[in-house]
Amino acid sequence: MSNTFGTLLKLTTYGESHGESIGGVLDGCPAGFCVDVSKIQEELNKRKPGTNTWTSPRKESDEVQILSGIYQGKTLGTPIGFCIKNEDKKSEHYQNLENVFRPSHADYTYQAKYKHRDARGGGRSSARETACRVVAGAIAQQILAQISSIVVQSYVCQIGDICLPQEKADIVNVAQYVLQMPNHEYQDQAIAKINALKEIGDSVGGCIQTIVSHAPVGLGEPIFDKLHAKLAYAMFSIPAVKGFDLGQGFTAASMLGSQHNDAFYTDENGNIKTTTNHSAGIQGGISNGEEILFKTAFKPVSSIKIPQNTVNKAGEAEMISIQGRHDPCVVPRAVPIINAMTALVLLDFILQDRAKSF
C-alpha cells in the first residue's frame, strides 16, 4: 500500500479512522527553520469535524503532538514525527457494515485487493487521514514563508449549482467565512442548500479554487515531473476528488490559439511577464512567474441516509441506509487540505532546485 508522498520532501502517514491515533513522519525538511505549532493547530482546526451544524458531529480536538524533528521551535533537519489521537470513536455505528459494501466507497475495492479491511469509518480510506497532510502542509507553508514570498490561498468557489465568480470573491478574508466561500450572498445560498440536503439525508459536492501568488520562475521539471502534473497527482490523492482544472481547463478546448496564447512583454523592472494568464502560471510544466490557478472538484459525500441498493460479501442483494456521523458537504473542510498538499509540492520542487545548485 502506498503511504508516502514526495521526492526530497517526503510525507509518510499512518493510521485508520477508528484506530488509536493517526500521524506521520515528514522527512527532508532542512534544519534551522522556525516552526510555530500553534499555526499548525490553526490549520487543523479549519479541517476538524464537529465545528458547526453541517459537518460531522464527531468531536475530535485534533491536537497535534510533535514527537521529533523540532527543538526549541526550529527544525533539526531530522524526521519530524507527529501524531493526533482519535478521541471520539463510535465503532458500533459500523458493525452492520462489516459484510456489506457501501455504494461509491472503498469497501469493495479494499476487500477485493487486500482480502481484509477495517470497516470502522472506512479505516485507512477515511478522509480522517487527511489531518496528517494538514500538519505536514502547515509546516511546509511556514518554511515556504521563510525562504520565498510564495502565498497559497484557496476558497470554496462552488457548492452544488451555486458558483461564486472569482471577481465577487473576498479572497483576502476567506477565513472569516464559515463555509470558506468568501461572499455572504453566495455563502447564504450554499448554507441553505446544505441544510436542506442534510434534512433529507442527502449530500452535495463542489469546487475549491486555489491561487498561488509570487511563485518564482522555474519550479517543475520537463516531461513526467511537470509542476501541474505533480499538483494534479497531489489533489487526486485526496479522498472524494474527481476533477482538476488548471487555468482555463476544459474551456481551453473550445478556444482558438489566438485567444488562449499568453503574449509576453517586459515590465518597467525588466521582468518578462504575460499580458494574460490562460496558462495559469505554468508553461511546459514549469512555473513562469505568474499566478498559478487551479480548481479541484469534489464529489458528493458517499455516506447518505437515503436507502440505496448494494450487495454483501456473498454477492447477495441488500438495501442499505448509512447512519453514523457524516458531512452533507465535505468541501469547506477540504480547503486546508488543498493548501497543505499545494505547499508540500511547491517546497519539494524548491528543495530539488536548491539541491541541483550544489
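Values in this text are rule-based calculations from the coordinates and carry no lab data. Keep in mind that what you see is a predicted model, and the values were worked out from it rather than measured. Note that each Cβ is placed from the backbone with ideal geometry, even for glycine, and that neighbours are counted across all protein chains shown.
Numerical summary
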| item | result |
| --- | --- |
| Hits among aspartates and glutamates - C-alpha to C-alpha of K85 under 19 Å, sequence gap 8 or more where chains match | E16, E20, E42, E43, E60, D62, E63, D118, E129 |
| Cross-link table K74/K356; K113/K230; K115/K226, entries beyond 32 Å C-alpha to C-alpha | K115/K226 |
| Degrees separating the helix 37-47 axis from the principal Cα axis of the chain, which is the longest one | 60 |
| Calculated [θ] (222 nm, deg cm²/dmol) that DSSP helices of n ≥ 4 give over the chain, each run adding -39,500 (n - 2.57) | -8500 deg cm²/dmol |
| Order of H18, H184 under a 10 Å beta carbon neighbour criterion, fewest first | H184, H18 |
| Partner lysines for K168 [C-alpha distance under 23 Å; skip if fewer than 8 residues away on the same chain] | K46, K193, K295 |
| Under 13 Å from the Cα of K273 - aspartates and glutamates, other chains or at least 8 residues apart | D262, E290, E291 |
| Percent of Cα pairs exceeding the 36 Å cut-off, where the set is the range 4-356 | 24 |
| Burial ordering of K74, K230, fewest other beta-carbon atoms within 10 Å first | K74, K230 |
| Relative contact order, percent, the range 4-356 [alpha-carbon distance under 8 Å, six or more residues apart] | 22 |
| H214, H260, H116, H326 arranged by Cβ crowding within 10 Å, fewest neighbours leading | H116, H214, H260, H326 |
